[in-house]
1. Scan the stretch 208-241 residue by residue and report those that are more than 16 Å from Gly127 (Cβ to Cβ) and either of a type in the set (D, E, K, R) or open to solvent by 30 Å² or more (accessible area, probe 1.4 Å) (or both).
2. Kindly indicate whether Arg34 is loosely packed, with under 14 Cβ neighbours inside 10 Å and either more than 28 Å from Asp72 (Cβ to Cβ) or at pLDDT 95 or above (or both).
3. Could you tell me which of the residues Pro280, Pro299, Pro285 is in contact with a helix residue (DSSP H, G or I) (Cβ under 8 Å, 6 or more places away or on another chain) and more than 15 Å from Gln213 (Cα to Cα)?
4. Counting just the residues of the stretch 12-31 that are open to solvent by 10 Å² or more (accessible area, probe 1.4 Å) and in contact (Cβ under 8 Å) with a residue 40 or more places away in the chain, which one comes out farthest from His107 (Cα to Cα)?
5. Being open to solvent by less than 40 Å² (accessible area, probe 1.4 Å) and in contact with a Gly (Cβ under 6 Å, 6 or more places away or on another chain) is the filter; apply it to the stretch 130-147 and report the residue that is nearest to Leu91 (Cα to Cα).
6. Just to be sure before I move on: is Pro44 under 19 Å from the mean Cα position of the chain (by Cα) and farther than 18 Å from Pro99 by Cα in the structure I sent?
7. So which helices (runs of 4 or more DSSP H) are wholly in the stretch 44-132 and hold at least 1 residues that are in contact with a Lys or Arg (Cβ under 6 Å, 6 or more places away or on another chain)?
8. Would you mind listing the strands (runs of 3 or more DSSP E) fully within the stretch 215-306 where at least 2 residues are of a type in the set (S, T, N, Q)?
Amino acid sequence: MKTVFFGTPEFALPTLELLIQQTTVQAVVTQPDRPSGRGGKLTPSPVKRLAQEYEIPVYQPERLRRDPQVLDVLEHLEADFFIVVAYGQILNKRVLAMPTKGCINVHGSLLPQYRGAAPVQWAIYHGARITGITTMLMDAGLDTGPMLLKQTVPIDPQSTSEDLLRELSQIGAQLLITTLEQFEQLIPEPQIDTDSSYAPLITPEHLKICWDQPAIQIQRQIRAFYPEVFTIHRGQRLRVLASEVLLGVAPVGVIQHIERRKGFGVGTPDGVLLVTQVQPTGKKPQSAWDYINGSRLEPGEVLGMN
């Protein structure tokens, strides 16, 4: 079986690994190297690094649909399948028609729920109790093609998106291989658009804590967009990495109390959020208790003020 793999982040790695073991991966298509770190050094995607380890040809078009050279290469490969896992670009009709059997996408939700770029994060944010993996035949829409196989996964109420993505990436790899093995017997199931929901790209506005939200919703935000969610303390960004929801009444955004060796409680409209792990700007993650001691944080201070 001849395949071409399209993917970019770590989430895609387990699928590529299994695909290399069980098919002939003719080429890998991934996003261009991007600046990373303080020095802005160009850094290859995780998928590119893995493909290079196996000496698989790698293509990195800025816009695939506008790159005639890469399009011609892909067309002449005459692959059986194109496999897509979190690639980051929509494939147009020309690309979708290239493989002899079809383009299969491994998507991190139970479609048609959470179509789009960040399904795992938004499932956590909205308090979903289950999620899963769907393999689907791709069409020209955004995650709208007919479904092939699904596997359901419960969401642990303490899991961050990082935890859940790691779990789903392994499940997705196995489900993709099962999909390929059973492909000739599978009957694609059309999606019902009226049952769909959308999982948009995460933007900076999603990352700042608004303390006038319910405590449980702030905790979901912290878990969903881990480790980027932040508040402002003494004019500086303070990432909040872990928290617990407590009963209590306190002014919104005000540090109500300090819990020895654990953290500090912040008022919300319906309770108190106990912050237990943080990351100050320019420093490594640390316990909230260490931050309390290092910054001499006091009850009564207000968070979120620029």
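The values are calculated or read from the model by the stated rules, or taken from the named source; none is laboratory data. Note that the coordinates shown come from a computational prediction; the quantities given were computed from them, not determined experimentally. All Cβ positions, glycine included, derive from the backbone under ideal geometry; neighbour counts span all protein chains shown. Note: accessible area is taken over every heavy atom of the protein model, side chains too, but ligands, DNA and RNA are not part of it. Shrake-Rupley method; radii C 1.70, N 1.55, O 1.52, S 1.80 Å.
1. Correct list: Lys208, Cys210, Asp212, Pro227, Glu228, Arg234, Gly235, Gln236, Arg237, Arg239.
2. So Arg34 fails the test.
3. Just a single option satisfies the conditions, and that option is Pro280.
4. Looking at the filtered set, the residue picked out is Gln26.
5. Across the stretch 130-147, the extreme among qualifying residues is Leu137.
6. Against the criterion (under 19 Å from the mean Cα position of the chain (by Cα) and farther than 18 Å from Pro99 by Cα), Pro44 qualifies.
7. 119-125
8. 236-246, 271-280
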